[in-house]
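Below: one structure, written as structure tokens.
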Amino acid sequence: MPARSDRVLFGAAYYHEYQPSPRLETDLDLMAAANFSVIRVGESVWTTWEPEDGVFDLEWLLPVLDGAHARGISVILGTPTYAAPPWLVRKYPEIAGEFRTGQRMPWGGRQEMDYTSPAFKFYAERVIRKIVARYADHPAVIGYQVDNEPGIMLFHNHGVFQRFVDELRQQYGTVENLNQAWGLVYWSHELSTWADLWTPDGNYQPQYDLAWRRFQAKLTNEYIAWQADIVREYVRDDQFVTTCIAYDRPTVDDANLTKPLDITAGNPYYAMQDAFAVPSQVGKPQGWATAGAWTLFQSGDRMYSSKQAPYLVTETNAGAIGGPSINYPAYDGQWRQAAWAFIVRGAEMIEYWHWHTTHFGTETYWIGILPHDQQPGRVYEQLAALGAELRTAGSAVVGLKPDARIGMVYSLPSKWGLAFQSCFPASGAAANSLADMDQRSYQRIFEAYYRGSFDAGVGVRILHDEQLVGPESAFDPEALAAELPVLVVPGLLVADDDLLRWLEAYAAAGGHLVLGIRTAYGDAEGRARTEVKPALLAEAAGVRYQEFSNVSTPVDVAALADGLVLGPGAQATDWIDFLVADGATVLARYDHPHFGRFPTVVTTEHGAGRITTVGTVPNTDLAADLMRWLVPDARAGWGELPSSVTVSSATAADGTRLHVVHNWGWDTQTVAAPKQVRDALSPAGDTVEEIELGPWDVRVLVATD
């Protein structure tokens with residue numbers, strides 16, 4: 001990664017080619033006045049770069065780059081490969097991605113192409129080389145974004161499926177080995193030859209689906225690495241290569257996707273207005289756009305987790321997002337709140353989508369910084385104030401390592417496994433088929449614990465399961481136990497023996513290991529293990545179970561007299577494992593005539609550490625209570641905070657401590673500073689003793705002792 005900027009980069013995607021009238025100088029002057037330091041250009045308009053096959057127009061962007069450079073605004077140049085031109089699909093219709101075998105994605109949107117297609121890759125490489133060779137030496141260009149939000153679909157094209165079969169043959173060697181690994185004796189699915197492998201369209205076998213998901217993610221990883229390799233032939237030493245990630249897309253494997261890239265970049269979108277309120281209002285479903293102030297921090301921690309390093313925000317909310325029927329622009333102050341939430345969790349760029357609101361096309365009502373009349377208004381004024389703050393804060397908020405007292409293990413194989421064999425029905429469904437299942441089952445389990453940590457004021461570091469074990473792992477169990485004394489493992493359905501042994505070693509080395517439902521139930525193929533559950537951990541955890549049950553209505557949970565304190569709102573939701581304490585201490589039970597015979601939470605010492613097992617999906621109250629028990633001193637020094645106020649902290653490269661204090665509500669709040677701090681956003685660096693917070697306000701403080 002080239003040297004860091006001396007401040008958090010700040011700007012927006014800019015498409016002058018979309019403007020209905022030429023106004024380049026006006027736009028750039030407004031950006032400079034708003035303290036923009038970066039814009040992203042060029043990634044959406046292959047037909048502008050190459051209007052006909054082999055006919056290139058490379059000069060249209062030069063005035064944008066020259067004008068930005070003259071104003072001290074840097075540029076991230078995108079490759080335009082996510083939106084292929086009509087002439088290409090007209091000549092090579094086979095490049096269209098098939099969402100089912102033989103059913104091509106209709107043309108007319110974006111990302112309809114199979115990016116493994118040799119024809120597509122030939123033309124994509126040609127246009128990439130033309131663009132990057134033309135502008136690699138331009139002084140405004142600091143980096144490149146290859147493609148855009150990859151991983152939107154699973155390809156069912158003939159060539160893709162044949163490669164899948166070949167890779168299975170190389171991995172398993174014989175059909176007999178595959179039959180055994182996938183359990184294909186079931187329903188008479190055993191293969192006699194590789195030609196017998198059916199296409200995935202009507203597949204009901206979970207081991208097949210898991211292999212198919214892993215394979216599709218590998219295709220996406222290879223595609224981005226392929227583009228990055230092309231671009232690197234031209235880049236300067238002071239330029240970076242990245243892509244922008246929409247994390248909920250089906251073939252995104254971010255820990256591997258980002259390996260060939262210099263830095264992670266992501267596109268977090270979220271509901272604003274009252275969805276930001278803390279304490280949170282009624283829960284909203286999560287998806288590509290999230291809801292709840294806690295999800296800002298979760299999105300930031302997910303981006304940080306990809307490379308365990310600071311990241312860029314390449315797109316986020318400017319005005320209302322989502323389309324003509326979803327119009328909830330932020331309240332005053334909420335742009336600052338979101339930006340500082342990302343920064344304190346490691347963001348080194350905040351870039352909005354996008355500069356001006358388009359007057360045509362699918363995203364006509366995806367509102368940018370300038371509205372349709374192109375005049376600066378409330379959004380511009382709010383973001384200009386944020387730009388001034390980032391200039392004032394300077395390098396003090398760059399290169400931060402977010403505070404974390406808890407690690408949370410994220411497992412993409414388990415996410416895929418629990419999408420195909422969901423443990424929860426979809427809302428209002430009978431769960432009689434795949435269509436009735438909640439394909440976000442894994443996220444529901446994971447998010448329950450993450451939100452609990454947010455409500456308890458405990459910082460989280462997200463770790464991918466594959467970052468813990470394997471030849472490239474940087475995490476020794478003993479070292480991680482010293483750095484992160486608590487490790488929560490929610491929903492780890494798919495895990496090999498090495499990972500489960502690593503988790504046991506973490507506890508033995510002094511860490512506090514917390515096991516959630518479905519953890520250690522399946523093996524690396526997603527098969528139910530034959531060992532006592534939780535497999536390979538039951539003896540160390542002092543607990544076992546055989547049965548489990550869905551619960552359609554929440555069940556109250558009461559603590560026993562062993563240190564765990566639960567409030568009156570603590571409840572079990574969705575699922576109950578019928579735990580049997582086998583040496584572990586029971587901390588809590590269900591208040592229920594049947595489920596009451598089974599513990600909700602048990603704990604036991606193991607080696608120098610401890611293992612705690614939670615037999616349900618905790619509701620927000622129970623999850624927060626558990627986190628307070630796990631980290632009782634999370635808010636040490638801050639005292640009792642108002643319910644709408646949160647504090648998130650980080651450490652700068654020079655060891656300086658940074659505290660970001662949010663007020664997520666309409667009422668003014670006053671908080672006593674825990675020690676001597678100065679206002680990082682005050683040009684004079686004023687010392688602060690009492691922290692005054694207005695409605696939807698945020699203060700950024702640097703410790704001075």
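What follows is calculated from the coordinates using simple rules that are stated; it is not laboratory data. Worth saying up front: this structure is predicted, and the values here are computed from it rather than measured. Ideal geometry is used to build each Cβ from the backbone, glycine not excepted, and the neighbour counts take in all protein chains shown.
Remarks
- Theoretical gain in end-to-end length, GLU59 to VAL185 [0.36 nm per residue, Cα-Cα removed]: 39.2 nm
- Dividing the Cα radius of gyration of segment 260-388 by 2.2 N^0.38 Å, with N the residue count, gives 1.04.
- Based on the Stokes-Einstein relation at 20 °C and a viscosity of 1.002 mPa s, and on the Kirkwood radius from alpha carbon pairs, segment 207-296 is assigned a translational diffusion coefficient of 139 µm²/s.
- Listed from fewest to most Cβ neighbours within 10 Å, the set ASP654, ASP403 follows the order ASP654, ASP403.
- Residues VAL165, VAL185, VAL458, VAL586 arranged by fewest to most Cβ contacts within 10 Å: VAL185, VAL165, VAL586, VAL458
- Computed label-point distance, nm, for sites ASN550 and ALA225 using a 7 Å Cα→Cβ extension: 3.9 nm
- Near GLU98, the amide H atoms lying under 5 Å from its own belong to MET105, HIS156, ASN157; only residues 5 or more places off or on other chains count, and H is placed 1.01 Å from N.
- The Cα center of segment 89-131 and the Cα center of segment 559-617 differ in position by 52 Å.
- The chain: DSSP helices with Cα axial extent of at least 20 Å and average Kyte-Doolittle hydropathy no lower than -1.0: 118-135, 158-172, 206-232, 293-307, 378-393, 441-456
- Here the sum of -39500 (n - 2.57) over DSSP H runs of 4 or more residues, divided by the residues of the chain, equals -9000 deg cm²/dmol at 222 nm, to the nearest 500.
- With the highest mean first, a sort of the peptides 591-602, 412-423 on other beta-carbon atoms found within 10 angstrom per residue produces 412-423, 591-602.
- At R0 = 60 Å, FRET efficiency that the Cβ-Cβ distance of GLU125 and HIS592 yields, to 0.05: 0.45
- A straight chain from THR174 to THR670 at 0.36 nm per residue would run longer than the Cα-Cα distance by 171.7 nm.
- Likely footprinting exposure, VAL252, VAL543, fewest C-beta neighbours within 10 Å first: VAL252, VAL543
- The distance between label points at SER473 and ALA608 comes to 1.7 nm (points 7 Å beyond Cα on the Cα→Cβ vector).
- In the structure shown, the pairs LYS121/LYS218; LYS121/LYS415; LYS91/LYS259; LYS218/LYS415 are assessed against 25 Å; a Cα-Cα span above that value is assigned to LYS121/LYS415; LYS91/LYS259.
- Computed from backbone phi with θ = phi - 60° and the Karplus coefficients 6.51, -1.76 and 1.60, the 3J(HN,Hα) list for segment 653-658 is 4, 8, x, 5, 9, 10 Hz; x is used for glycine and proline.
- Taking segment 399-414 and a reference point 7 angstrom along Cα→Cβ of ASP248, the backbone N atoms nearer than 19 Å belong to 410-414.
- Taking other residues whose beta carbon is less than 15 angstrom from the beta carbon of PRO618, and scoring Lys, Arg as +1 and Asp, Glu as -1, yields -3.
- The Kirkwood radius of the chain, taken over pairs of alpha-carbon atoms, gives through the Stokes-Einstein law at 25 °C and 0.890 mPa s a diffusion coefficient of 92 µm² s⁻¹.
- Between THR704 and ALA684, the contour length at 0.36 nm per residue exceeds the alpha carbon distance by 5.8 nm.
- Relative packing of peptides 334-345, 621-632 - highest average C-beta neighbours within 10 Å first: 334-345, 621-632
- From largest to smallest, the equivalent ellipsoid semi-axes obtained for segment 406-630 from the alpha-carbon gyration tensor read 24, 21, 17 Å.
- For segment 406-630, share of DSSP beta bridges that run antiparallel, in % to the nearest 5: 60 percent
- Pairs of Cα atoms farther than 26 Å apart, segment 36-177, %: 37 percent
- Note on segment 351-407 and segment 522-545: Cα centroid distance 47 Å, given to the nearest whole angstrom.
- Peptides ranked, highest mean first, by Cβ atoms within 10 Å: ranges 486-496, 126-136, 258-268: 486-496, 258-268, 126-136
- A crude spin-label estimate for the pair ARG378 and ALA277, with each label 7 Å from Cα along the Cβ direction, gives 1.8 nm.
- The per residue volume of the convex hull around the alpha-carbon atoms of segment 645-703 is 77 Å³.
- Using Cβ point charges alone (K and R +1, D and E -1), the dipole size of the chain about the Cα centre works out to roughly 240 debye.
- Measuring nothing but how far apart in sequence close Cα pairs (under 8 Å, 6+ apart) lie, relative to its length, the chain scores a relative contact order of 11 percent.
- DSSP-defined beta bridges in the chain - what % are antiparallel, rounded to 5: 55 percent
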